[in-house]
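Undergrad: Before I ask anything, here is the structure I am working with.
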């Protein structure tokens, strides 16, 4: 989404959905940059109104303020032109580095400050503070399973019923927590005891069994 024009972007999506009679899903719904934070209420009002009018719409977002853009987004566009060697040369150019540094700091300020950055996958110490204030555990599980599968039109998956694919995660709600950090990202989550994929156990007591029985969903 174009963050500075996020309202216009949502309005355009809704218009396309209505005309095409198609489901709509604003992806990674957010108001990035501090100057846009006040728009959140209006964004949600637009989506709620569309739902009330019968438009099949859902929105998704990631549960953290970290995001997956490369660090190049903190370099001015004019300094990103050309090949990697060209960009590195500018970063090593003493006549340009001050301008690049000022731009990087301004980008950090726009997103609310560097000190606010956290990382999350299943649950972190930071987003524990939000538990129960937003929704209960069954609702959280539904939002990660049946809701997206229904929105995508996937069949025979994401719910525990007869003849569905047996894709099941068994976790301890009291101990499940994300262990990954920016400096040590390759860490599996704690508290996810068992995972079944197509009825086969791929995680057994928190350890991968070495099998890959999954298939492409359709």
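The values are calculated or read from the model by the stated rules, or taken from the named source; none is laboratory data. Remember, predicted model here, so these are calculated numbers, not experimental data. Quick reminder, even Gly has a Cβ in these numbers, built from the backbone with ideal geometry, and neighbours come from all protein chains shown.
Undergrad: Residues to consider are 170, 177, 192; find the one that is touching a strand residue (DSSP E or B) at 6+ places or on another chain (Cβ under 7 Å) and within 25 Å of residue 59 (Cα to Cα). Talk me through it step by step, then tell me what you get.
TA: Details: 170 fails: within 25 Å of residue 59 (Cα to Cα); 192 fails: within 25 Å of residue 59 (Cα to Cα).
Being touching a strand residue (DSSP E or B) at 6+ places or on another chain (Cβ under 7 Å) and within 25 Å of residue 59 (Cα to Cα) holds for just one of 170, 177, 192, which is 177.
Undergrad: Another one. Looking at 38, 62 in this structure, which one is surrounded by 12 or more Cβ atoms within 10 Å (Cβ to Cβ) and either out of contact with any strand residue (DSSP E or B) (no Cβ under 9 Å at 6 or more places or on another chain) or over 26 Å from residue 142 (Cα atoms) (or both)?
TA: Values: 38 fails: surrounded by 12 or more Cβ atoms within 10 Å (Cβ to Cβ).
Just one listed residue meets the conditions, 62.
Undergrad: Name the single residue that is surrounded by the fewest Cβ atoms within 10 Å (Cβ to Cβ) among those in the stretch 1-24 being modelled with pLDDT under 90 and in contact with a helix residue (DSSP H, G or I) (Cβ under 6 Å, 6 or more places away or on another chain).
TA: 2
Undergrad: Only residues that are more than 22 Å from the chain's Cα centre (by Cα) and at positive phi: list them for the stretch 148-164, please.
TA: Across the stretch 148-164, the qualifying residues are 156, 163.
Undergrad: If residue 90 meets every condition in (1) outside any helix (DSSP H, G or I); (2) over 30 Å from residue 149 (Cα atoms); (3) modelled with pLDDT of 90 or more apart from one, which number is that one?
TA: The failed condition is (1).
Undergrad: When the stretch 171-185 is examined, which residues are found to be within 22 Å of the chain's Cα centre (by Cα) and either at pLDDT 90 or above or farther than 25 Å from residue 205 by Cβ (or both)?
TA: The answer is 171, 182, 183.
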